[in-house]
Amino acid sequence: MPLQPMHKIWAILPAAGIGKRMKSDIPKQYLLLEDRPVLEHTIDRLLKNDLISGLVIALQEDDPYWHTVNIDSDKPVLRATGGDERSDSVLNAIELLTQHEKFEESDWVMVHDAVRPCLQQRDIESLVQVVGDNQHGGILALPVRDTIKKQSETDPASNQPPVIDTTVERDMLWHALTPQYFSALSLKSALQQSRDNKQCITDDASAMENAGFSPLLVHGHEDNIKITHPDDLRLAALYLYSQQKIDEQ
């Protein structure tokens, strides 16, 4: 039986970053992956899902690459102005969305990293199904499997490698992924509150946590990688190829 959420769902894509760690001349979301910009793959994954009504993308105001992205969908795609931080871009996107004629106060948003192009449709559906109408919302995540080490404080001026301070207990630790899925108005309020209180916001869930919510952890898949370093492009290409072969079976 197909999922039938009680509210509309809009995708939010913060895509105003420049990706310094990629050491590329262009932002990483516009690097080519299987002859298409990374961002194009990501948008396509979201808009092809029947649960998603439309998309808001936050871009730099003078973004010179956006025109290279082909959007193969009739769903609304709105362009917001990106902010100084990722959280500012998400907030700008939600504020623009709330002005859209098809937006309703009961609508939810699914915030996804622009450089996670391998998101599987079943992960979107699992997130929506598990969270349901739980007002705490939820995020895709993966349990930490590796041993985690905390380093000792070191003098940045020294050329010595860091040393281990302690081993961190991993049993309760998860890697936060995206999408992250919340009531649009709840997330908007949480982001505004965190910004006003100058609280640390590392992702959308942390803003909700600051506001007193306890988002659900929904188990995702390992191939939902974030392209951060050059080697990630090659790995993403392998994942896309593998996913395509599975779809063809």
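The values are calculated or read from the model by the stated rules, or taken from the named source; none is laboratory data. Because the structure is a prediction, the values reported are computed rather than measured. Because the Cβ atoms are built from the backbone with ideal geometry, glycine has one as well, and the counts that use them run over all protein chains shown. The protein model used for the area step is the full one, side chains on, heavy atoms only, and it has no ligands, DNA or RNA in it. Shrake-Rupley method; radii C 1.70, N 1.55, O 1.52, S 1.80 Å.
Roughly how many Å² is the accessible area per residue of segment 172-246, as a whole number, for a 1.4 Å probe?
Working: 3920 Å² over 75 residues.
I get 52 Å² per residue for this part.
Mind putting together the pair-distance distribution for the chain? All Cα pairs, 5 Å bins, whole percent per bin, short to long.
Pairs per bin, as whole percents: 1, 6, 12, 16, 19, 17, 13, 8, 4, 2, 1, 0, 0.
Taking 8 Å as the Cα distance limit and 6 or more residues as the minimum spacing, I'd like the relative contact order of the chain as a percentage.
Values: 435 pairs, mean separation 55.3, N = 249.
Taking the mean separation of contacting Cα pairs over the length of the chain, I get 22 percent.
How about Lys226: which aspartates and glutamates have a C-alpha closer than 17 Å to its C-alpha, ignoring those fewer than 8 places off in the same chain?
Glu34, Glu40, Asp44, Asp113, Asp123, Asp203, Asp204
For Trp174, enumerate residues with amide H under 5 Å from its amide H, sequence gap 5+ or separate chain, H modeled in the peptide plane.
The list, which skips near neighbours in sequence, is Val144.
If you stretched the chain out fully between Lys48 and Leu185, how much longer would it get, using 0.36 nm times the residue separation minus the C-alpha to C-alpha distance?
On the way: separation 137, 0.36 × 137 = 49.32 nm, distance 2.44 nm.
Working it through step by step, the gained length comes to 46.9 nm.
At 1.4 Å probe size, with no ligands or nucleic acids counted, give the accessible surface of His221 in Å², nearest ten.
His221 has an accessible surface of roughly 60 Å² with all protein chains in place.
What pairs in Lys149/Lys198; Lys8/Lys188; Lys28/Lys149; Lys8/Lys75; Lys48/Lys188 have C-alpha atoms more than 18 Å from each other?
Working: Lys149/Lys198 29 Å; Lys8/Lys188 16 Å; Lys28/Lys149 29 Å; Lys8/Lys75 13 Å; Lys48/Lys188 25 Å.
Violating the 18 Å limit, Cα to Cα: Lys149/Lys198; Lys28/Lys149; Lys48/Lys188.
Give me the 1.4 Å probe accessible area per residue for segment 1-135, excluding ligands and nucleic acids, in Å². Walk me through the intermediate numbers first.
Details: 6690 Å² over 135 residues.
With the other protein chains kept in place, segment 1-135 gives 50 Å² per residue.
Using a 1.4 angstrom probe on heavy atoms only, work out the carbon and sulfur share of the accessible area of segment 35-154 in %.
Values: 2280 of 5830 Å².
Carbon and sulfur atoms account for 39 percent of the accessible area of segment 35-154.
Placing +1 on the Cβ of each Lys and Arg and -1 on the Cβ of each Asp and Glu in the chain, which of Pro76, His100, Ala176 has its Cα farthest towards the positive end of the resulting dipole?
Ala176
Students sometimes get this wrong: rank Thr178, Thr202 by accessible area, probe 1.4 Å, all chains present, largest first. Present the calculation step by step, with values, prior to reporting the outcome.
On the way: Thr178 5, Thr202 105 Å².
Ranked list, largest accessible area first: Thr202, Thr178.
With only Lys, Arg, Asp and Glu charged, each at its Cβ (+1 for the first two, -1 for the last two), find how big the charge dipole of segment 147-249 is about the Cα centre; round to the nearest 20 debye.
Working: 9 positive and 15 negative charges, 45 e Å.
Using Cβ point charges on Lys, Arg, Asp and Glu, segment 147-249 gives about 220 debye.
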